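The values are calculated or read from the model by the stated rules, or taken from the named source; none is laboratory data. These numbers were taken from a predicted model, which means no experiment stands behind them. As a convention, Cβ positions derive from the backbone with ideal geometry for all residues, glycine included, and neighbour counts pool all protein chains shown.
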Amino acid sequence: MAPDVSTSPRRGATGLRQFLDLEEQRNWIEGKTDLRDSDERSDSLELRFKYVTRFQKLLRRPQAQDVLEILRLYGQTCIPIPRQTERRYWSVSCLPSTSDKPLVRVNASWMELFTLYADGDGIRARFLVHLSDFATDQSPAQGHVDELFLEHCVTTPDDVSYFFPRGADMFGINVRGSASIRSFLAARRFLAAIRTFNLTHMNRGRNAYQASHCYGLADWMLAG
């Protein structure tokens, strides 16, 4: 049975520790439990209407269906108690006005977590995770990346590449094509790494990108 997640924050706790103790967080990372989320969602009519035009513009893109399906999968598997933490601890932006021209981006605290881009008529994804989770010796050493594991997670080895963002223990993974993105999200080790990174930043406090939250996208992420 899933643990009961209180709708009232725990006194003196910060971040998601207000709702989930460390054992619950560890069990979720390892896939040992399903967390019980709130039935209610916070809402803002102002934000909901603010990004309607962008959301409709995205829906006219040839990548729209792939974007919505991948976002739903990401929301269901990679964000803890997403309804209860929506906007305050994570957010999703639609066609954000940044130089890299993403289709959508998921953020927490001050950190980018996950981004989808157009790749022709298809999509490519960028995941940010901890480098130590993808090193052969679990160290944050750039020369110890487990490339064999990364290549085994995609349908074609050319679908995956990686880079090193600024910051300690930071690792970026690029994945091309919806099939390979789904394959990555289905890999148990990779999913645990995403959950660990996301919890790290959601535990740091309130989301700095609340004002760019697109409820149209979030509706898809939280459906079902």
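Test Phe114 against the stated conditions and say whether it is closer than 27 Å to Asn27 by Cβ, touching a Phe, Trp or Tyr at 6+ places or on another chain (Cβ under 8 Å) and part of a strand (DSSP E or B). Considered against the rule, which asks whether it is closer than 27 Å to Asn27 by Cβ, touching a Phe, Trp or Tyr at 6+ places or on another chain (Cβ under 8 Å) and part of a strand (DSSP E or B), Phe114 comes out as yes.
Residue selection: Asp100 fails the criterion of being acidic (Asp, Glu) and within 17 Å of the chain's Cα centre (by Cα). Being surrounded by fewer than 20 Cβ atoms within 10 Å (Cβ to Cβ) and within 16 Å of Phe127 (Cα to Cα) is the requirement here; does Thr33 meet it? Here the answer is no, as Thr33 does not meet what is asked. Note on the stretch 69-101: residues that are under 15 Å from Asp219 (Cβ atoms), of a type in the set (Val, Ile, Thr) and modelled with pLDDT under 95 total 0.
Summed over the stretch 8-23, residues that are in a loop (DSSP other than H, G, I, E, B) and charged (D, E, K, R) total 3. Of everything in the stretch 154-181, what is of a type in the set (Lys, Arg) and surrounded by 15 or more Cβ atoms within 10 Å (Cβ to Cβ)? Give them in sequence order. Listed by number, the list holds a single entry, Arg176. Here Leu128 fulfils each of the conditions (1) crowded, with 19+ Cβ neighbours inside 10 Å; (2) in contact (Cβ under 8 Å) with a residue 40 or more places away in the chain; (3) assigned to a helix (DSSP H, G or I) apart from (3).
Rundown of residues vs (1) among the aromatic types (Phe, Trp, Tyr); (2) within 18 Å of Cys214 (Cα to Cα); (3) in a strand (DSSP E or B); (4) touching a Gly at 6+ places or on another chain (Cβ under 9 Å), yes/no style:
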site: Gln25; (1), (2), (3), (4): no, no, no, no
site: Lys32; (1), (2), (3), (4): no, no, no, no
site: Leu47; (1), (2), (3), (4): no, yes, no, no
site: Pro62; (1), (2), (3), (4): no, no, no, yes
site: Asp100; (1), (2), (3), (4): no, no, no, no
site: Ile123; (1), (2), (3), (4): no, no, yes, yes
